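Novice: Questions regarding the structure given below will be posed in turn.
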Amino acid sequence: MKNLLSATFRRLFKGKLFWIGMLAMGGFGAVATIARARDAYILQGMGYDTPDGLLFIGLTYFLITVAAFDSLFIGAEHADGTWRNKLIVGQGKVQIYLTYLIVTTAATLLMHLVYIGVVLGLSASLLNPFLTPIRVNVVFFFCSLATVVAMNALMVTLCMLVQNRAFVAVGAMLLAIGLMMGGMTIYQMLCAPEFLSGPPSTVNGVLMPSPEPMPNPKYLTGAKRAFFQFLHDFLPGGQALTIGTTGELPANVWRLPVLSLSLALLSTLGGAWGFCRRDLK
Amino acid sequence: MSNLLRAGFVRYLKNPLAVIAAVASLVIGLLGGRNAVYTIDDVYLIALFIAFAAFISLLVGREHGEGGFRNKAIAGYTKGQIFFSEWLLHTVFCLCLLLLFLVGFAPLAHEVLSPVPARMLALIALCFVCMTVAVVTLLCVLSMLVSSRAVSAILSVLLVIGLLFASYKIEEALSTPQYYYISHYDEQNELVWEEQKESPLYVDGAARTFLTHLNYTIPLGQSEPLIQCIGVWNYDVSWIDEHSCSHLKIVKFFPLYSLGLTVTIGGIGYAIFRRRDLR
């Protein structure tokens, strides 16, 4: 396993893909911070002069980076027949699976850290200090690491089980977009107001008062609300939204890393089981 | 060239991907029609274009991978014929997929579409057709120029997402109001006076003209005005603002923007493809 790890890490650092990913995340962090600094310059005194909300917003789009990186990096191994070679020299399938999981987890965590590092570095010189308490940012930072681990574990499972590199690439991108859209949809469902009041209307030019608030039929209650809340906390798309956009610690914040690590564990177990049963080309 | 088209048509029809893309288009159309309130949600249009991206990149990538382009060149076809036949095949396939989307969408969104006058509806449909041709051209050129199937699949999906973000950002910049108001209250919390200030984010002059044309040129930038053109016939008349009405006047020029993009991107793509060695 040690040999596998060192060989795969060497391939990671020698290839362009990892550095493109690092550059993309660093560039994204730089663009986001410079855009905020521009807003702060134009809209002076309107609350745009701090990096609040910027530090973890990259996490909401990070699924796409993870999908592209994992599918191309692991897919190249499929295409080159490297796995079969590794089996021939006596390595186990579980060891191969875990090697890719460890290497891609390290790579994606580094990309995430580069984004955060660039935002922190640039905002220190271009913007005022955070208004968000340090405790909130620190807790969210550790939660974001767990979310990245879960995103990566999910993508590795897909990439290890589908042997066609192009189909893996498309499947991973569609999964990433699906998780992002699913997270947003569930978030909107959870944020639906309990009561609705229509807009004020005018009759013969006279402004009439707003009608009495009516119960919103789309408001989630009971077991249904608990189920969607669980999905929102469990899936990486929802977690990324919570960490990236809320700006304050939710109740039971400990659920986020616990659920992320559970998802990572479940998908790794399932993926390793499926991978062990496969015939490799 | 007719041989190329016939062979490509049969090959694509036999491919299970074509069936998957057709089913996906129909399902997206059904979902879009079911959830249509006042107008179409453009998320379904984006989902359709992502399906196009996956479909085109995988099929063109297969030609690259199996040496299909090289074989055609050996059989005596010019690069121009190969390029044009591939573009034409994908355009026709994707227009069929758009038709399937509309077959799923239209019956369920009948309430939203029925208040729109027939001429306007026909014009909007023509705009969507031209927009689809422009998107297919972009995706086809990208897939023809990137020989790695996996890389072209990822870049195609990223291109659709990039177009979406670009159009959102431009629309956001253009819809920023010229003035904003600061309300001043006295100690009894009663409004004393309102101060009108010019928004520093308002885009004016040449930049506004450039961004407006750019927004109409980007295929997904056209989708928002087109959707608003359906929406204005469903909203209360008092809700219709000047911004929405302006789209009604400009919408007839959208096919020209799409045609311009198609010709430009197709021409650039062909020029690059002609210089490439076919593997």
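The values are calculated or read from the model by the stated rules, or taken from the named source; none is laboratory data. Nothing here was measured: the structure is a model prediction, and the numbers come from that model. Neighbour counts are summed over all protein chains in view; Cβ atoms, including those assigned to glycine, are modelled from backbone coordinates with ideal geometry. Quick note on the areas: whole protein, heavy atoms, side chains included, nothing else; ligands and nucleic acids left out. Shrake-Rupley method; radii C 1.70, N 1.55, O 1.52, S 1.80 Å.
Novice: Among the residues of the range A:187-198, is any in a strand (DSSP E or B) and either more than 14 Å from every other protein chain (Cβ to nearest Cβ) or over 27 Å from B:Ala47 (Cβ atoms) (or both)?
Specialist: The answer is yes, given that some residue of the range A:187-198 is in a strand (DSSP E or B) and either more than 14 Å from every other protein chain (Cβ to nearest Cβ) or over 27 Å from B:Ala47 (Cβ atoms) (or both).
Here is a yes/no grid of residues against (1) surrounded by 12 or more Cβ atoms within 10 Å (Cβ to Cβ); (2) more than 30 Å from A:Ala166 (Cβ to Cβ); (3) modelled with pLDDT of 75 or more; (4) within 14 Å of chain A (Cβ to nearest Cβ):
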position	(1), (2), (3), (4)
B:Val151	yes, no, yes, yes
B:Leu158	yes, no, yes, yes
B:Ser175	no, yes, yes, no
B:Leu191	no, yes, no, no
B:Val203	yes, yes, yes, yes
B:Leu211	yes, yes, yes, no
B:Cys229	yes, yes, yes, no
B:Ile240	yes, yes, no, no
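Novice: Considering each of B:Gly76, B:Gly61 in turn, give the residue that is assigned to a loop (DSSP other than H, G, I, E, B) and either open to solvent by 50 Å² or more (accessible area, probe 1.4 Å) or within 12 Å of another protein chain (Cβ to nearest Cβ) (or both).
Specialist: None of the others qualify; the one that does is B:Gly76.
Novice: Looking at B:Ala75, B:Ala22 in this structure, which one is at negative phi and either acidic (Asp, Glu) or touching a residue at least 24 places away in the same chain (Cβ under 8 Å) (or both)?
Specialist: The match here is B:Ala22.
Novice: A:Gly27: surrounded by fewer than 16 Cβ atoms within 10 Å (Cβ to Cβ) and within 14 Å of chain B (Cβ to nearest Cβ), yes or no?
Specialist: Criteria met by A:Gly27.
Novice: Would you call B:Asn35 within 13 Å of chain A (Cβ to nearest Cβ), out of contact with any strand residue (DSSP E or B) (no Cβ under 7 Å at 6 or more places or on another chain), at pLDDT below 90 and open to solvent by 50 Å² or more (accessible area, probe 1.4 Å)?
Specialist: Taking the combined requirement at face value, the residue satisfies it.
Novice: If you go through the range B:148-170, how many residues are closer than 24 Å to B:Val92 by Cβ and over 15 Å from the mean Cα position of the chain (by Cα)?
Specialist: 4
Novice: Okay, next question. For the subset of the range A:43-83 comprising residues that are open to solvent by 40 Å² or more (accessible area, probe 1.4 Å) and at pLDDT 80 or above, which member is farthest from the other protein chains (Cβ to nearest Cβ)?
Specialist: A:Gly53
Novice: Still on this structure, please answer the following. Would you call A:Leu120 over 30 Å from A:Asp39 (Cα atoms) and part of a helix (DSSP H, G or I)?
Specialist: No, not satisfied.
Novice: If you don't mind, another one. So, in the range A:89-104, exactly how many residues are at pLDDT 90 or above and surrounded by fewer than 21 Cβ atoms within 10 Å (Cβ to Cβ)?
Specialist: Summing the residues that are at pLDDT 90 or above and surrounded by fewer than 21 Cβ atoms within 10 Å (Cβ to Cβ) in the range A:89-104 gives 2.
Novice: Let me ask you something else. Tell me, please, whether a residue that is more than 14 Å from chain A (Cβ to nearest Cβ), small (Gly, Ala, Ser), under 25 Å from B:Ile56 (Cβ atoms) and within 15 Å of the chain's Cα centre (by Cα) can be found in the range B:115-137.
Specialist: Checked the range B:115-137: at least one residue is more than 14 Å from chain A (Cβ to nearest Cβ), small (Gly, Ala, Ser), under 25 Å from B:Ile56 (Cβ atoms) and within 15 Å of the chain's Cα centre (by Cα).
Novice: Filter the range B:1-16 for residues that are closer than 20 Å to B:Lys72 by Cβ and open to solvent by 20 Å² or more (accessible area, probe 1.4 Å) and give the result.
Specialist: Within the range B:1-16, B:Met1, B:Ser2, B:Asn3, B:Leu5, B:Arg6, B:Ala7, B:Phe9, B:Val10, B:Arg11, B:Leu13, B:Lys14 meet the criteria.
Novice: Name the single residue, out of those in the range B:160-173 being of a type outside the set (Ser, Thr, Tyr) and open to solvent by 70 Å² or more (accessible area, probe 1.4 Å), that is farthest from the other protein chains (Cβ to nearest Cβ).
Specialist: B:Glu172
Rundown of residues vs (1) open to solvent by 40 Å² or more (accessible area, probe 1.4 Å); (2) at pLDDT 85 or above; (3) not in a helix (DSSP H, G or I), yes/no style:
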| position | (1), (2), (3) |
| --- | --- |
| A:Met181 | yes, yes, no |
| A:Met184 | yes, yes, no |
| A:Gln229 | yes, yes, no |
| A:Leu259 | no, yes, no |
| A:Ala264 | no, yes, no |
| A:Thr268 | no, yes, no |
| A:Asp279 | yes, no, yes |
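Novice: Consider B:Ile46 against the criteria (1) under 17 Å from B:Ser152 (Cβ atoms); (2) within 13 Å of chain A (Cβ to nearest Cβ); (3) of a type in the set (Val, Ile, Thr): it satisfies all of them except one. Which criterion is unmet?
Specialist: (1)
Novice: For the range A:233-257, how many residues meet the condition of being farther than 18 Å from A:Gly53 by Cα, of a type in the set (D, E, K, R) and outside any helix (DSSP H, G or I)?
Specialist: 0
Novice: Right, next: Restricting to the range B:263-279, name every residue that is within 24 Å of B:Val133 (Cβ to Cβ) and without any contact (Cβ under 8 Å) to a residue 12 or more places away in the chain.
Specialist: Within the range B:263-279, B:Val263, B:Thr264, B:Gly267, B:Ala271 qualify.
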